[in-house]
Amino acid sequence: MAPAIDLRSDTVTRPTPAMRAAMAEAPVGDDQYGEDPTTNALQQRCAALLGKEDALWLPSGTMANQVALRVLARPGDEVVTSRESHAGWHETGGAAANSGVQLVEVGRGGVFTTEDFLAAIKPHGLPVFAPTTLVQIENTHNRGGGVVFPQAEVERICAAARERGMASYLDGARLWNAAVASGRSEAELAAPFDLVGVAFSKGLGAPGGSLLAGSRAHIAVAHRQRRMLGGAMRQNGIFAAAALHGIDHHRSRLADDHRNARAFAQALAASPAVQLDLATVQTNIVVFRLAPGAPDAATLVAQARAEGVLLNAFAARTVRAVTHLDVSAGQVVQAATILRRLLEG
Ligand SMILES: *Cc1c(COP(=O)(O)O)cnc(C)c1O
C-alpha cells in the first residue's frame, strides 16, 4: 500500500534533509548561561519579526501558553477567550492546574466581538467576583477550522482591554498561517498584544519548539516561569536551527497548504454526507460535520485509515483534516475522493 496521506495535523511533518543538515551544523552552547548562539539568533530574529522588544524559546506551544498565563494573570483571575480555545480544550486543564486561572469562553466559531468581550468582564467593586484581568485570542483558530481573527476586531478588543487595565495575549501557534492568509505581517497581527506566542512545530515543519515575544520586562518573568515549569534547555541550538530553517524556507510555502486545504474542502463540501461551511476554510485546517445518515466520526476515521488516509475525530460527528509540508496537491484530491467513496457508498 502507498504511504499514508496523513491529514491528522501539521505537527506530523518530519524535518527535511536540509533542515536536518542545518540542525547538525548549528553552533551551540549552554542556553541557561545565555550562550547558545543559534537560540540567541532565533530569539532576536523573532522579536524583530513579531515587532516586540524581546523573545524566549520554549519547548512547546502548550508551555508557551502556560507561561503567558503565569506572566499576565494571577491565581483566581479570570481569562476571557474564544469558544473551544486551545487553552480550554487541548491543554488537559493546564490553565487551572499550572496558573490557577479560570477561562471564560465567548463568541462563536473561534472569534468574538468587543461586545462579547465586554459582556464577559465581571463587575469591579464587589468582592464576590473573580477579577477579569486578561483577554486571550487564538489566531488562527484551531477548532474554529483555521479561521483568521478579523484584525480590526482584534484592535478594538485589545484597546478595550488596555483601557480597563487588562492584559492581552495572542496564542499565535499558527500566526504564520494567519499572516500568509491575511496579507498582514506577523508584527502587524501581534502589535495590539502584550505577549504573543508562535509555534515552529506546525506549518514551519520543525520537530519542536515555540516562542513568546513581548516587552523586556515580560520576557524576563517568562524566563523564570519557563525554568520553574522545567522547560529550560541546554544546547538548544539544534532546535533553534530547525526553527530558523523553517522561517527561511517554509513560511511563504504555507500558501500551498492553504490552496490544498481549499481544494480538499471544495471536493468534500460537494458531498451530501458532509456539512462544511467553506467560509471557514481560510488556512490549512478543514473542520467538517457528518450529515445525519452518514457514518459517525470514529467510523469514518477508522475506515479512512484502512484506505491510507489519516484524520482526527474532533467530536462525535466532527472531523478535522490539516494540510502541511508532507502532503501534496495530488494527495489531498486523492484523500477527498476516498472519503467521498466511504461516505456515499
Ligand atoms: C498546537 C497548538 C498549541 C500547542 O502547541 P504544542 O506544541 O502542541 O504544545 C497552542 N495553541 C494552538 C492554537 C495550537 O494549535
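Worth a mention:
- The Cβ shell under 11 Å around residue 120 holds other residues with a net charge of -3, Lys and Arg each +1, Asp and Glu each -1.
- Likely footprinting exposure, 112, 200, 314, fewest C-beta neighbours within 10 Å first: 314, 112, 200
- Once the Cα-Cα distance is subtracted from the 0.36 nm per residue extended length, the residue 164 to residue 315 segment shows a gain of 50.7 nm.
- For residue 291, residues with placed amide H under 5 Å, excluding near neighbours: 274, 275
- The label-point distance for residue 74 and residue 303, in a model that sets each label 7 Å from Cα toward Cβ, rounds to 5.6 nm.
- Distance from the alpha carbon centroid of segment 276-298 to that of segment 26-98 works out to 31 angstrom.
- Length-normalised contact order of the chain in % [C-alpha pairs under 8 Å, at least 6 apart]: 25
- Among 10, 326, 256, sorting on how many other beta-carbon atoms sit within 10 Å of each Cβ, with the fewest leading, yields 326, 256, 10.
- GNM flexibility winner over the chain from 296, 171, 248 (Cα, springs under 10 Å): 248
- The local environment of residue 294, defined by Cβ-Cβ distances under 12 Å, has a net charge of +1 under the rule Lys, Arg +1 and Asp, Glu -1.
- Label-point separation in nm, residue 60 to residue 338, each point 7 Å along Cα→Cβ: 2.8
- Pairs of C-alpha atoms in the chain farther apart than 33 Å represent 29 percent of all such pairs.
- Residues residue 18 and residue 152, FRET efficiency given R0 of 45 Å [Cβ-Cβ distance, rounded to 0.05]: 0.70
- Cα gyration tensor, segment 34-79 - rounded (a/c under 1.5), prolate or oblate: prolate
- Averaging the Cα positions of each part gives two centres, and for segment 309-345 and segment 143-202 these lie 28 Å apart.
- Cα gyration tensor shape for segment 20-178, rounded if a/c is under 1.5, else prolate or oblate: prolate
- Counting beta carbons within 10 Å around each of 244, 126 and listing the fewest first gives the order 126, 244.
- Net charge over other residues, Cβ less than 10 angstrom from the Cβ of residue 106 (K, R count +1; D, E count -1): -1
- Relative contact order of segment 194-345: 20 percent, from C-alpha pairs under 8 Å at least 6 residues apart in sequence.
Since every read-out is calculated from the coordinates, none of them should be taken as a lab result. For clarity, every value in this text was computed on a predicted model and none was experimentally measured. For neighbour counting, all protein chains shown are included, and Cβ atoms are generated from backbone atoms with ideal geometry for every residue, glycine included.
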